[in-house]
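Shown below is the structure under consideration.
The values are calculated or read from the model by the stated rules, or taken from the named source; none is laboratory data. Everything numeric here is computed off the predicted structure, so don't read it as measured data. Backbone-built Cβ (ideal geometry, glycine too); neighbour counts: all protein chains shown.
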Amino acid sequence: MASLQYHLPSPLEYFASLVLEDDAIPLTEAAISLAQDVYEDVDIQAVQYQIDRWADTIKRRLPADAPVLHRLRMLNQFFFQELGMSGNANNYYDPDNSFLHRVVETRRGIPISLAVIWLDLARAIKLDAQGVSFPGHFMVTVYLPVGQVVMDPLSGNSFNAEELNEMLEPWRKRMGLPEPEEPSLGLHLRPATARDMLVRMLRNLKEIYRSNNSWGKALAVQQRLLILQPQAWEEYRDRAEVYAALGQSPQAKADWERYLHEMPDAPDRVLVLAHLMDLPDGDGMGDAAPRNPVA
């Protein structure tokens, strides 16, 4: 009798299966799975089960007809006071702050990782809540009968329009943007999709790993980013840099060439061509390639 053969999906294949369709991405499960590149034995279902238990605790305390504002207050009391969820002020750039199983264990994270858990609980008690990719600080927003509340997932504090505009000022200056004649808060308060949130979580990890030269971990992050955004050509350029740092010149060459092909007018085209020329003989563009192919 022929033996049955099962293919156990790799962490990357599993992640790819979760993010196939925008409308069906299980955000919490996909976010938990990001840790598999570092913590191979992370039990994704056990982490989700713990979050579900927290949701059940809140639901048991709420009357069936509890008003929206009461549900929001109950959630924030449970999340920030009883669970003690907060930012990891002592080690903000620890990668563990982005791994949900560690956030669940330590009750410490960064705005977006805390937001993923908070939003999961909010959905369980039927709050109309969304994540918001606010520049420099991820937020959550809740829609109430009296209007929209924008909250800090580190503390549960809410912000008014004036405070949010003040928070935008340093970002505008860093980006070299002029002071708008009219406040443009609406542009920065649009709901973030599950895909947007996963990309932001991965880019946080990307910056951490690149800054401390953890190239193997950086490569794993780049693979996931390209699954989420297969036409984000800058990510091919960035993956090429990681491949080059790892000594994988053929892969670096392929990614840099793809970036140049897809972005013929890229502002860093000359720099990328220089990187290609610097690859070891046989892996770069070589002497047969035109030395100034910029057209």
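Got a sec? Which of Leu271, Leu260 is loosely packed, with under 15 Cβ neighbours inside 10 Å, more than 25 Å from Gln36 (Cα to Cα) and at pLDDT 95 or above?
Result: Leu271 is the single residue among Leu271, Leu260 that is loosely packed, with under 15 Cβ neighbours inside 10 Å, more than 25 Å from Gln36 (Cα to Cα) and at pLDDT 95 or above.
Answer with yes or no whether Ala129 is under 30 Å from Ile32 (Cβ atoms), assigned by TED's automatic domain parsing to the domain that holds Asn76 and of a type in the set (Gly, Ala, Ser).
Values: under 30 Å from Ile32 (Cβ atoms): yes; assigned by TED's automatic domain parsing to the domain that holds Asn76: yes; of a type in the set (Gly, Ala, Ser): yes.
In short, yes.
While we're here: So, of the residues in the range 255-265 that are touching a residue at least 24 places away in the same chain (Cβ under 8 Å) and within 25 Å of the chain's Cα centre (by Cα), which turns out to be farthest from Leu226 (Cα to Cα)?
The extreme case among them is Met263.
Among (1) more than 16 Å from the chain's Cα centre (by Cα); (2) farther than 30 Å from Phe80 by Cα; (3) of a type outside the set (Phe, Trp, Tyr); (4) modelled with pLDDT of 95 or more, which single condition is Met175 missing?
Of everything listed in (1) more than 16 Å from the chain's Cα centre (by Cα); (2) farther than 30 Å from Phe80 by Cα; (3) of a type outside the set (Phe, Trp, Tyr); (4) modelled with pLDDT of 95 or more, Met175 misses just condition (4).
Only residues in the range 1-28 that are at pLDDT 90 or above count as the first member; pair them with residues that are β-branched (Val, Ile, Thr) and not in a loop (DSSP other than H, G, I, E, B), Cβ under 8 angstrom, at least 6 apart or cross-chain, and list the lot.
Filtered contacts from the range 1-28: Leu12/Ile227; Phe15/Ile227; Ala16/Ile227; Val19/Ile227; Leu27/Val116; Thr28/Ile51; Thr28/Val116; Thr28/Ile117.
Another question, then. For the range 84-97, enumerate the residues that are closer than 21 Å to Ala55 by Cα and buried (at least 22 other Cβ atoms within 10 Å of the Cβ).
Scanning the range 84-97 gives a single hit, Met85.
Check whether at least one residue in the range 181-195 is modelled with pLDDT of 95 or more, β-branched (Val, Ile, Thr), surrounded by 13 or more Cβ atoms within 10 Å (Cβ to Cβ) and in a helix (DSSP H, G or I), and report yes or no.
Within the range 181-195, not a single residue is modelled with pLDDT of 95 or more, β-branched (Val, Ile, Thr), surrounded by 13 or more Cβ atoms within 10 Å (Cβ to Cβ) and in a helix (DSSP H, G or I).
How do the pairs read when you match residues in the range 225-254 that are free of Cβ contacts under 8 Å to residues at least 60 places away in the same chain and hydroxyl-bearing (Ser, Thr, Tyr) with residues anywhere that are surrounded by fewer than 21 Cβ atoms within 10 Å (Cβ to Cβ) and not in a helix (DSSP H, G or I), using Cβ under 7 Å and keeping only pairs 6 or more apart or on different chains?
Ser249/Leu279; Ser249/Pro280; Ser249/Asp283
Something else about it: Of Leu34, Leu69, which residue is over 25 Å from Leu219 (Cα atoms), surrounded by 13 or more Cβ atoms within 10 Å (Cβ to Cβ), hydrophobic (A, V, I, L, M, F, W, C) and out of contact with any helix residue (DSSP H, G or I) (no Cβ under 6 Å at 6 or more places or on another chain)?
Leu69
Quick one: which of Ser249, Ser214 is more than 25 Å from Val19 (Cα to Cα), more than 19 Å from the chain's Cα centre (by Cα) and polar (S, T, N, Q)?
Every option except Ser249 fails the conditions.
May I ask you to say which residue of Ala24, Ala35 is closer than 19 Å to Pro230 by Cα and aliphatic (A, V, I, L, M)?
Just a single option satisfies the conditions, and that option is Ala24.
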